[in-house]
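Note sheet for the following structure.
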Amino acid sequence: MDMDKGMDMDMGFSAGEEQWRAHSGTLRQVVRQELVSRQLAAHLPDLPPRRVLDIGCGQGTQALGLARRGHSVTGLDSSPRLLDDFRAAVAAEPVEVGDRVRLLHGDAEQLAGMFAPSSFDVVLCQGVLMYFPDPGPLLDAIGQVLVPGGILSLLVRNGDALAMRPGLLADWDNVERAFEGDSYLNRIGVHARADRLADLTTALGRREMRVRAWYGVRVFTDTVASDAALPDAETLGAILRCEERAGCTDPYRRVAALLHLIAERR
Ligand SMILES: C[S@@+](CC[C@H](N)C(=O)[O-])C[C@H]1O[C@@H](n2cnc3c(N)ncnc32)[C@H](O)[C@@H]1O
C-alpha cells in the first residue's frame, strides 16, 4: 500500500480494527502492553485509589490492570466491538474489580463536553493520538478533565525515528518517505500520524502539563512478524527485561517505535 497519501487521508482506526483484534496476545502486543504497564506503575502507586480515564481504551488491557490494583476506571471508546471485548474480560474478573470499571461508548473528539473539568486523577491515551490529524483539540480536552497534579500517560508513534521500521525491513521507498514527513502506514493497515518528542513536550507545556518522564516502547521487537507468538517464559522474561532497559536508556529509547510520555498537570 502507498504510504504517502497526504494529510487529508482517512486515518480512522476502524479500518484496522479486525487486524488489531487478531493480533492481541502476539509478541509485539505483549511487549507493548507489558512495557507500558511497567513504565506507568513507576508513577502510579496503588494507593490512594485514583479516578482513571482511559481514552480509546479498546480491549482494556491497561484499564483492567489498574482496576485490579484498586483504581476506579472509566473506559471511553468509539468501537462497540472492542468495548464488548473489554466487557468480556471484565466478566471474568472478581465482582469487586468489575465494580470499579465503567465503560462508555463515544468519540474522544467530544471529550470536553462529556466530563466536568478536573474529573480525573489519571488519564491514559495510548495508541490513539496517531489517528487524530490534529492532536491539539484532544490535548486541550485532556488538560481540562485532568485534575491539577494529575498524571497523563500518552503513547504515540515516534516521529523522531519513523524511518527505523521500514529501514530494518529493507523497505527503502518508505524509508525515504519517512524522513520527509510524519505519516506512515501502520502494521494494522491504517494510515496514521507520528509525533515528535519535542513537539509534544511543547504542546503539553502550553496546556499546563509538564513531561515528567518519557520512555521508548519496542526497541528490539518492533520488526518481528505481526503474528509472532510468545516464546517460552524464560525467553519472554529476557526480552521484556532488555526492552525495559532500552526503553529508559539513551540512545536506544530515542529510536523506539513508540514513545510513552508521563506528564503531570500543573
Ligand atoms: C490501537 S487501539 C489502542 C487500544 C488501547 N488504548 C491500547 O493501547 O491497548 C486504538 C483505540 O482507540 C479507539 N479510538 C480511535 N479513535 C477514537 C475516537 N475518535 N474516539 C474514541 N476512541 C477512538 C479505537 O476504537 C481503539 O480502541
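Values computed for the structure shown
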read-out	value
Subset of segment 29-43 (residues that are in a helix (DSSP H, G or I) and away from the ligand (no atom under 12 Å from the Cβ))	V31, R38, Q39, A41
Flag for L155 being away from the ligand (no atom under 16 Å from the Cβ) and either crowded, with 22+ Cβ neighbours inside 10 Å or under 17 Å from C57 (Cβ atoms) (or both)	no
Residue satisfying all of: in segment 200-217; within 17 Å of the chain's Cα centre (by Cα) and without any contact (Cβ under 8 Å) to a residue 60 or more places away in the chain; surrounded by the most Cβ atoms within 10 Å (Cβ to Cβ) among these	G216
Segment 83-112, residues that are among the acidic types (D, E) and either without any contact (Cβ under 8 Å) to a residue 12 or more places away in the chain or not in a helix (DSSP H, G or I) (or both)	D84, E93, E96, D99, D107
Members of segment 89-118 found to be of a type outside the set (V, I, T), over 27 Å from D140 (Cα atoms) and within 16 Å of the ligand (Cβ to nearest atom), listed by number	A89
Top-ranked residue of segment 44-65 - restricted to ones that are under 11 Å from V122 (Cβ atoms) and part of a loop (DSSP other than H, G, I, E, B), ranked as farthest from the ligand (Cβ to nearest atom)	P49
Selection status of V123, part of a strand (DSSP E or B), of a type in the set (A, V, I, L, M) and either away from the ligand (no atom under 16 Å from the Cβ) or crowded, with 21+ Cβ neighbours inside 10 Å (or both)	yes
Unmet criterion (only one of (1) in contact with a Phe, Trp or Tyr (Cβ under 9 Å, 6 or more places away or on another chain); (2) part of a strand (DSSP E or B)) for R212	(1)
Test: residue in segment 71-88 that is farther than 18 Å from I142 by Cα, away from the ligand (no atom under 14 Å from the Cβ) and of a type in the set (D, E)	no
Candidates G247, G181, G189, filtered to the one that is over 20 Å from G56 (Cβ atoms) and at pLDDT below 95	G181
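The values are calculated or read from the model by the stated rules, or taken from the named source; none is laboratory data. Fair warning: this is a prediction, and the values are worked out from it, not measured in the lab. Please note: Cβ atoms are built from the backbone with ideal geometry, for glycine as well, and neighbour counts cover all protein chains shown.
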